[in-house]
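Student: Pasting in a structure now, in C-alpha cells, and then I'll have a few things to ask.
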Amino acid sequence: EHRTTALETADRTRRQLLADVSHELMTPLAAIRGYVETLQMADLRIDDRTRGRYLGIVSDESVRLEQIIGDLLDLARLDGGGSAFRDEEVSVSQLLERVRHRHDPVLLERDITLVTDQDPAVDTLRGDQNRLEQALQNLVANAIRHTPPGGRVRVTASREGEEVLFRVEDTGPGISEEHLGRIFDRFYKVDQSRTGTEMPSGSGLGLSIVQAIVQRHGGRVTASNVPGSGARFEIRLPVGGVQPDVIG
C-alpha cells in the first residue's frame, strides 16, 4: 500500500511537471509565432519602427526560451547525478568579489547598492567553485530583481559551528508567508509571492537549481523574511567539505 501510494504521488508530480514545462515553453513560443506571422503578412503595412519593435520582442522571447531550456537541462543533470562536481578549495573572498562585479551594470542602472561582508574566520571551503558561484549568483540576481531603485542587497559569509553560512538579504517587499514553503518548487515564480515588483520573472527554475547545487554539496538552503525589511536566503555548507559519494 505504501509503495502504491508513493507511485501515485510520483506520477502526479511527473504529470504536474510536464504540464508546467509545457506551459512555460508555450508562452514564449506563442509570442514568437504570433509576431513572425504578423511580419509575414504581405498586405500588412507597418513602419520600420514598429517592425523593429516586433523583431525585438521575438528576440527577447527567443532568449527567454533558450534560458528555460538551458535551466531544464541543467536541473536534469543535477537531479540525475550526471553533472560531476569538483572537490576543490574554494576562496570565499573570490566568490564574493565575482558576485560584486557580475551585477555592476544592473546595479548602476537601477541605483541599487550591493554590500558584501566576510567574517575573517571564513577563508575557504571545499566544493565545486563554479557551481557554488552559480548558486550564489542566482540568489543575488533574484534579490536584485525584487529590490526597488535606491534599495540595498547585502551578501555575507560567516562561520556557524561546523558550517559556512552565506546570507543574501534585500530591501524589497519580502515573500508572503503562505508562499515560503513553496519558494523552491520548480516553475514557482517568486514574483507571485511578492508585491510591488516591476522586474520580469525568470524561468521559475533558478531557486530549484540553487537547492539542487546546495544539496549536492551536503548543505541546505532556506528562505525567510527580515523583520521590517525584505527577503533573506541562507545557504549552509559543511566546513569539512563534501562526502566522496556526493562529488561526482
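The values are calculated or read from the model by the stated rules, or taken from the named source; none is laboratory data. Computed from a prediction, not measured in an experiment: that's the story for all the values here. Note that each Cβ is placed from the backbone with ideal geometry, even for glycine, and that neighbours are counted across all protein chains shown. Only protein heavy atoms, including side chains, enter the accessible area calculation; ligands, DNA and RNA are left aside. Shrake-Rupley method; radii C 1.70, N 1.55, O 1.52, S 1.80 Å.
Student: Return a yes/no flag: does segment 146-153 have any residue that is at pLDDT below 90 and among the hydroxyl-bearing types (Ser, Thr, Tyr). Let's see the steps before the verdict.
Tutor: Filtering segment 146-153 down to residues at pLDDT below 90 leaves none.
Scanning segment 146-153, I find no residue that is at pLDDT below 90 and among the hydroxyl-bearing types (Ser, Thr, Tyr), so the answer is no.
Student: When you scan segment 143-151, do you find a residue that is touching a Phe, Trp or Tyr at 6+ places or on another chain (Cβ under 8 Å), in contact (Cβ under 8 Å) with a residue 12 or more places away in the chain and assigned to a helix (DSSP H, G or I), even just one? Let's see the steps before the verdict.
Tutor: First, the residues of segment 143-151 that are touching a Phe, Trp or Tyr at 6+ places or on another chain (Cβ under 8 Å): 143.
Filter once more, keeping what is in contact (Cβ under 8 Å) with a residue 12 or more places away in the chain: 143.
Subsequent filtering for residues that are assigned to a helix (DSSP H, G or I) retains 143.
Yes, some residue in segment 143-151 is touching a Phe, Trp or Tyr at 6+ places or on another chain (Cβ under 8 Å), in contact (Cβ under 8 Å) with a residue 12 or more places away in the chain and assigned to a helix (DSSP H, G or I).
Residue-by-condition table, conditions (1) without any contact (Cβ under 8 Å) to a residue 12 or more places away in the chain; (2) of a type outside the set (D, E, K, R); (3) within 18 Å of Gly206 (Cβ to Cβ):
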position	(1), (2), (3)
Gly70	yes, yes, yes
Ala76	yes, yes, yes
Glu88	no, no, no
Ser93	no, yes, no
Leu108	yes, yes, no
Gln118	no, yes, no
Ala121	no, yes, no
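Student: State yes or no: is Gln137 in contact with a Lys or Arg (Cβ under 9 Å, 6 or more places away or on another chain), surrounded by fewer than 19 Cβ atoms within 10 Å (Cβ to Cβ), part of a helix (DSSP H, G or I) and at pLDDT 90 or above? Please lay out each step first, then the result.
Tutor: Details: in contact with a Lys or Arg (Cβ under 9 Å, 6 or more places away or on another chain): yes; surrounded by fewer than 19 Cβ atoms within 10 Å (Cβ to Cβ): yes; part of a helix (DSSP H, G or I): yes; at pLDDT 90 or above: yes.
Against the criterion (in contact with a Lys or Arg (Cβ under 9 Å, 6 or more places away or on another chain), surrounded by fewer than 19 Cβ atoms within 10 Å (Cβ to Cβ), part of a helix (DSSP H, G or I) and at pLDDT 90 or above), Gln137 qualifies.
Student: I would also like to ask the following. Only one of Val190, Val164 is surrounded by 20 or more Cβ atoms within 10 Å (Cβ to Cβ), modelled with pLDDT of 65 or more and aliphatic (A, V, I, L, M). Can you tell me which? Please lay out each step first, then the result.
Tutor: Working: Val190 fails: modelled with pLDDT of 65 or more.
Matching residue, one of Val190, Val164: Val164.
Student: Here is a further query. Please determine, by comparing only the residues of segment 19-66 that are closer than 22 Å to Arg186 by Cβ and either in contact with a strand residue (DSSP E or B) (Cβ under 9 Å, 6 or more places away or on another chain) or among the charged types (D, E, K, R) (or both), which one is surrounded by the most Cβ atoms within 10 Å (Cβ to Cβ).
Tutor: Only one residue fits best here, namely Glu24.
Student: Name the one entry in Leu114, Leu78, Leu165 that is in a helix (DSSP H, G or I) and either closer than 22 Å to Ala223 by Cβ or touching a Gly at 6+ places or on another chain (Cβ under 8 Å) (or both).
Tutor: Values: Leu114 fails: in a helix (DSSP H, G or I); Leu165 fails: in a helix (DSSP H, G or I).
Going through Leu114, Leu78, Leu165 in turn, just one is in a helix (DSSP H, G or I) and either closer than 22 Å to Ala223 by Cβ or touching a Gly at 6+ places or on another chain (Cβ under 8 Å) (or both): Leu78.
Student: Sticking with this structure for a sec: Can you tell me which of (1) more than 19 Å from the chain's Cα centre (by Cα); (2) open to solvent by less than 80 Å² (accessible area, probe 1.4 Å); (3) within 22 Å of Leu125 (Cβ to Cβ) is the one Arg86 doesn't meet?
Tutor: Against the list (1) more than 19 Å from the chain's Cα centre (by Cα); (2) open to solvent by less than 80 Å² (accessible area, probe 1.4 Å); (3) within 22 Å of Leu125 (Cβ to Cβ), Arg86 comes up short only on (2).
Student: Answer yes or no: is there a residue in segment 77-92 that is of a type in the set (A, V, I, L, M) and modelled with pLDDT under 90.
Tutor: At the first step, the residues of segment 77-92 found to be of a type in the set (A, V, I, L, M) are 78, 84, 90, 92.
The next check asks that each one be modelled with pLDDT under 90; those that pass are 78, 84.
Looking for residues that are of a type in the set (A, V, I, L, M) and modelled with pLDDT under 90, one finds at least one in segment 77-92, hence yes.
Student: Now, a different point. For segment 105-128, what are the residues that are within 18 Å of the chain's Cα centre (by Cα) and surrounded by fewer than 16 Cβ atoms within 10 Å (Cβ to Cβ)?
Tutor: If we filter segment 105-128 for residues that are within 18 Å of the chain's Cα centre (by Cα), which is where we start, we get 106-107, 114, 128.
Correct list: Val106 only.
Student: Which condition does Leu95 not pass, out of (1) farther than 14 Å from Ala231 by Cβ; (2) open to solvent by 60 Å² or more (accessible area, probe 1.4 Å), if it passes all the others?
Tutor: The single condition Leu95 does not satisfy is (2).
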